[in-house]
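See structure below.
Just so you know, all these numbers are worked out from the coordinates, no wet-lab data involved. Because the structure is predicted, anything quoted here is derived from the model rather than measured. Here Cβ is always computed from backbone atoms with ideal geometry, including for glycine, and neighbour counts include all displayed protein chains.
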Amino acid sequence: MSAAVSIIERREESVESLRVSTRYKDAYREARVVIGIGKFVKFLGCVIGGLIFFYAVVLADPALDPLSLPLPRPERQTLSIALMIFAVIATVHFWIGGVLVCSWGQHLEAGLDSAVNSSPFLSNAQRARAMSID
């Protein structure tokens, strides 16, 4: 009788550990997606800032200006400097936003690591798989 009970308990534990493992895998995927979005925001900020800065440099020289803006030289240079400053500010804002989003994803991962490590339903091998350590 006791052998049958232990087999039933093991089956329940394996079903529970499978469900918990699936839940943790999904949560880790979510955390990785959040981190990926943060990295993309940082990359996007660098691209946008770089494009604005490049146009500001091109705008400074009337011969290179693709829009051929009818501006006198002092106003053109002032606009160019203003665009350069705006490019730096935009890049920094995107970068800070990306860092915050990455931080949120890493915080999710850290919380999941703690939950997986203290889960009574998982063996050490299952914990390593859930945390992608194996």
_Can you pull out every residue in segment 91-103 that is surrounded by 15 or more Cβ atoms within 10 Å (Cβ to Cβ) and within 30 Å of Met131 (Cα to Cα)?_
Phe94, Trp95, Gly97, Gly98, Val101, Cys102
*Considering only segment 18-34, how many residues are under 20 Å from Arg129 (Cα atoms) and surrounded by 17 or more Cβ atoms within 10 Å (Cβ to Cβ)?*
6
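Which members of segment 49-90 meet the condition of being charged (D, E, K, R) and surrounded by 13 or more Cβ atoms within 10 Å (Cβ to Cβ)?
Correct list: Asp65, Arg76.
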*asked:* Cβ-Cβ distance below 7 Å, separation of 6 or more or different chains: which pairs start in segment 15-27 with a residue that is closer than 15 Å to Ser118 by Cβ and end on one that is in a helix (DSSP H, G or I)?
replied: Ser17/Gln126; Ser21/Gln126; Ser21/Ala130; Tyr24/Leu112; Tyr24/Val116; Tyr24/Ala130; Ala27/Leu112
*Any chance segment 32-42 includes a residue that's more than 30 Å from Ala115 (Cβ to Cβ) and in a helix (DSSP H, G or I)?*
no
_I need every pair where a residue in segment 42-53 that is within 9 Å of Gly98 (Cβ to Cβ) and without any contact (Cβ under 8 Å) to a residue 60 or more places away in the chain has its Cβ under 9 Å from the Cβ of a residue that is among the β-branched types (Val, Ile, Thr) and exposed (fewer than 15 other Cβ atoms within 10 Å of the Cβ), sequence separation at least 6 or different chains._
Gly45/Val92; Gly45/Ile96
*Please verify whether segment 108-124 includes one or more residues that are free of Cβ contacts under 8 Å to residues at least 24 places away in the same chain, crowded, with 17+ Cβ neighbours inside 10 Å and more than 17 Å from Ile48 (Cα to Cα).*
yes
